[in-house]
Structure formats: C-alpha cells, structure tokens
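The values are calculated or read from the model by the stated rules, or taken from the named source; none is laboratory data. No experiment lies behind these values; they were computed from the predicted model shown. As a convention, Cβ positions derive from the backbone with ideal geometry for all residues, glycine included, and neighbour counts pool all protein chains shown.
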Amino acid sequence: MNNDQIQFSFELFPPRTPAGAEKLPAVVSALAAARPAFFSVTYGAGGSEQQGTYETVMQVVESTGIEAAPHLTCVGSSRSGIAATLQRYRDGGIRRIVALRGDLPATATSTQAPGEFRYANELVSFIRELHGDHFSLEVAAYPEMHPQATGPDVDFDNFRRKVDAGANGAVTQYFYNADAYFDFVDRCQQAQIAVPVVPGIMPITNHAQLTRFSAACGAEIPRWIRLRLERYQDDREALLDFGLDVVTRLCRTLLENDAPGLHFYSLNQSEPTLRLWRNLDLPLPIAAP
Ligand code: FAD
C-alpha cells in the first residue's frame, strides 16, 4: 500500500433543518483537517435540495479552500435546466461533478422516467457536449449490482456506457464484502476500463438506519455483521466499537489490494469518519505550496 497516492474524499448532504445547518460548519472544519482531495455534496432528485447543494458546495469551498464536487442527478430534468445548473457551477469555479441519474419516482420504470434524460450516461454525454473537458466527472458504480438492473452483466455494460461517454472516475455504492469490489475491478480490467473506481465507505453507527439504507440501495449486510448489530442494538458503545472494527478492516483490505482511494459517506457527522481515518493511520497529504 502506498499511502502517499491514496485519494480520499468525504460526502456531505445539504442540511435539511436549521439545527443541521448550524452544526455543518464545525463538521466540515473537523473533516477538512484530514485534508481530503475533495468533498462531495449530494443532490436530491426531484428538486428539493438543489439550492441547498449549491449553497453547501460554495460554503465548503469558501470555508476550507478544498475542492467541492456537487452531485447532479438528471432524472426529471430538462436539458435547459441542467445546462443552467452546469453554467452556474462553472461560473462559481467548480471543476468536478458527480453525475448521476437519481432515483426514479416509486411508480416509474426507466422507460417512463420523467424529464429529458433516462440514464446517467446521457447526462455525462450532455456535460461533455456543453463543456468539453472543463469538469472532471465521477459516476456511480455498483459492485453488488444496481437494485433495478436486470442482471450483473447488463449493469456492468451500463457502467461501461458512462465511462465511454466520458466519465473520469467512479465512486461505488457502499458494500461490506470486499470481494464484490475486487470482482468489479477485475471486470473493469478485463473490459479495459482504466478509470479509477473508488470504494464508497459507509461507517457503521446505527443499526436501524443502516438496515433501511441497505434495503433501499441494494447493499448487502452480511449475515454475520447483521447478527452482531442486532445483538448490540441496545448497547451503543459496543455497536460503535464493532462497526469501527469491521469497517477499518474493510478499508485496510481495500487499500492493501490497491484501491485507488476511499470515499467516506460521512452523513454530516465528523467523528465516525475521522475515527476510521485515524485508525487507518493515513498520512496527511503534503499541503499545496
Ligand atoms: P444509471 O447509471 O443511469 O443506472 C440506473 C439503472 O439503469 C441501472 O440499473 C442501470 O443498469 C440501468 N441503465 C443505465 N444505463 C442504461 C441504458 N443506457 N439502457 C438501459 N439501462 C440502463 N441519488 C441522488 O438522488 N442524489 C445523490 O446525490 C446521489 N449520490 C450518489 C452517489 C453515489 C456514489 C452513488 C453510488 C449513488 C448516489 N445516488 C444519489 C443514488 C443514485 O442516484 C441511484 O442509485 C440511482 O437509482 C441510479 O443512479 P445512476 O447514476 O447509477 O444511474
């Protein structure tokens, strides 16, 4: 493992309550001390958090001087709406975007997706069409398969479409089975897909929340982890210790086997992510002159 080369990043969401907004600057400042390569800020499909994403991205850049990448979902959007959002980011000095489809409304299928985009590869092509290489584009990857895909091969082909459309890199859905990630990377090598695929890391801090997220996004919680989490439901300290241990081991395994970096889903909390980061003993990157 060559720690100097590791690129790690922290994901935030735009605060949804006044209390969340008040807390966020301290969270960002604590995470910034670890000098990530960038922060990313999620974007609510359907428009609810679009302004919040812009404001959070700008606040992060202003307060830390560290790059911030907005997530941009295309489902339900028009080409003109996406074009206006892109221009606003470009005018604000943004150079990196996480380009996504977003989740469909519960009743829709892909072919009935509302708006002028159906899939993330169309968004990637559109951004390249309008802005050439101005933005570095990250896309989503699913080592355990996207929950709506009809099969792993089809899903992988669809991942390849995003890379062919011009993605510079990918961040994965979280997983707790490192072999799923290694298998995905092997398939990339076989398909001569050379972009970095950075594992998404979800700290384990809350059993009910993790179960809910995992059911929605198709991430598997291995039986042995699930059983232990159930056992520690009423013992928060034991659950945190167990979660930290499991995810630290996962991160070490990934880094020791050449994962190009780690993307932490911070859920707007600094401590679970920083505990992991400290456990991994990663050196601070050299500060830019
Ligand atoms: P796509 O790559 O378009 O894939 C969606 C589905 O369609 C897959 O099943 C795929 O196999 C299939 N497919 C793709 N292309 C084609 C094609 N050309 N023809 C036929 N089928 C196709 N959601 C948010 O709302 N906001 C966020 O900020 C957000 N951030 C995320 C960050 C990461 C790192 C990840 C992994 C996910 C994030 N999501 C976010 C969730 C994401 O929006 C959902 O998983 C969504 O359902 C799929 O988005 P995608 O970009 O992967 O879609």
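Checked against the criteria, ALA194 does not count as touching a Pro at 6+ places or on another chain (Cβ under 7 Å), more than 11 Å from the ligand (Cβ to nearest atom) and among the aliphatic types (A, V, I, L, M). The residue that is nearest to GLY261 (Cα to Cα), counting only those in the stretch 151-181 that are of a type in the set (S, T, N, Q) and either part of a helix (DSSP H, G or I) or in contact with a Phe, Trp or Tyr (Cβ under 6 Å, 6 or more places away or on another chain) (or both), is GLN173. For GLU116, the test of being at pLDDT below 95, outside any helix (DSSP H, G or I) and either within 19 Å of TYR43 (Cβ to Cβ) or in contact with a Pro (Cβ under 6 Å, 6 or more places away or on another chain) (or both) is passed. Taking the numbered list (1) within 11 Å of the ligand (Cβ to nearest atom); (2) surrounded by fewer than 17 Cβ atoms within 10 Å (Cβ to Cβ); (3) within 27 Å of ALA216 (Cα to Cα) in turn, ASP164 passes all entries but (3). Screening LEU229 with (1) in contact with a His (Cβ under 7 Å, 6 or more places away or on another chain); (2) within 16 Å of the ligand (Cβ to nearest atom) gives one miss only, at (2). If you filter the stretch 58-80 down to residues that are over 20 Å from the mean Cα position of the chain (by Cα) and within 15 Å of the ligand (Cβ to nearest atom), you find that the one that is surrounded by the most Cβ atoms within 10 Å (Cβ to Cβ) is SER77. The residues of the stretch 230-257 that are outside any helix (DSSP H, G or I) and without any contact (Cβ under 8 Å) to a residue 60 or more places away in the chain, listed by number, are TYR232, GLN233, ASP234, ASP235. Regarding PHE184, is this residue within 24 Å of GLN5 (Cβ to Cβ), within 13 Å of the ligand (Cβ to nearest atom) and assigned to a helix (DSSP H, G or I)? Judged against the criteria, PHE184 is a match.
Look at (1) over 17 Å from LEU276 (Cβ atoms); (2) under 19 Å from the mean Cα position of the chain (by Cα) and you find that GLN190 fails only one, number (2). Test each condition in (1) touching a residue at least 24 places away in the same chain (Cβ under 8 Å); (2) near the ligand (Cβ under 9 Å from one of its atoms) for ASP155 and report the one that comes out false. Checking ASP155 against (1) touching a residue at least 24 places away in the same chain (Cβ under 8 Å); (2) near the ligand (Cβ under 9 Å from one of its atoms), the one that fails is (1).
Quick one: would you say ALA219 is under 24 Å from ARG160 (Cα atoms), of a type in the set (A, V, I, L, M, F, W, C) and surrounded by fewer than 19 Cβ atoms within 10 Å (Cβ to Cβ)?
Against the criterion (under 24 Å from ARG160 (Cα atoms), of a type in the set (A, V, I, L, M, F, W, C) and surrounded by fewer than 19 Cβ atoms within 10 Å (Cβ to Cβ)), ALA219 does not qualify.
Going by what's in this entry, would LEU227 be described as surrounded by 15 or more Cβ atoms within 10 Å (Cβ to Cβ) and in a helix (DSSP H, G or I)? The answer is no for LEU227. Please verify whether the stretch 88-96 includes one or more residues that are modelled with pLDDT under 95 and crowded, with 19+ Cβ neighbours inside 10 Å. Checked the stretch 88-96: no residue is modelled with pLDDT under 95 and crowded, with 19+ Cβ neighbours inside 10 Å. Based on what the data block shows, is GLY200 in contact (Cβ under 8 Å) with a residue 40 or more places away in the chain, farther than 17 Å from PRO272 by Cβ and surrounded by 13 or more Cβ atoms within 10 Å (Cβ to Cβ)? No, not satisfied. One residue stands out in the stretch 123-144 among those that are part of a loop (DSSP other than H, G, I, E, B) and more than 8 Å from the ligand (Cβ to nearest atom): the one that is farthest from the chain's Cα centre (by Cα), namely GLY132.
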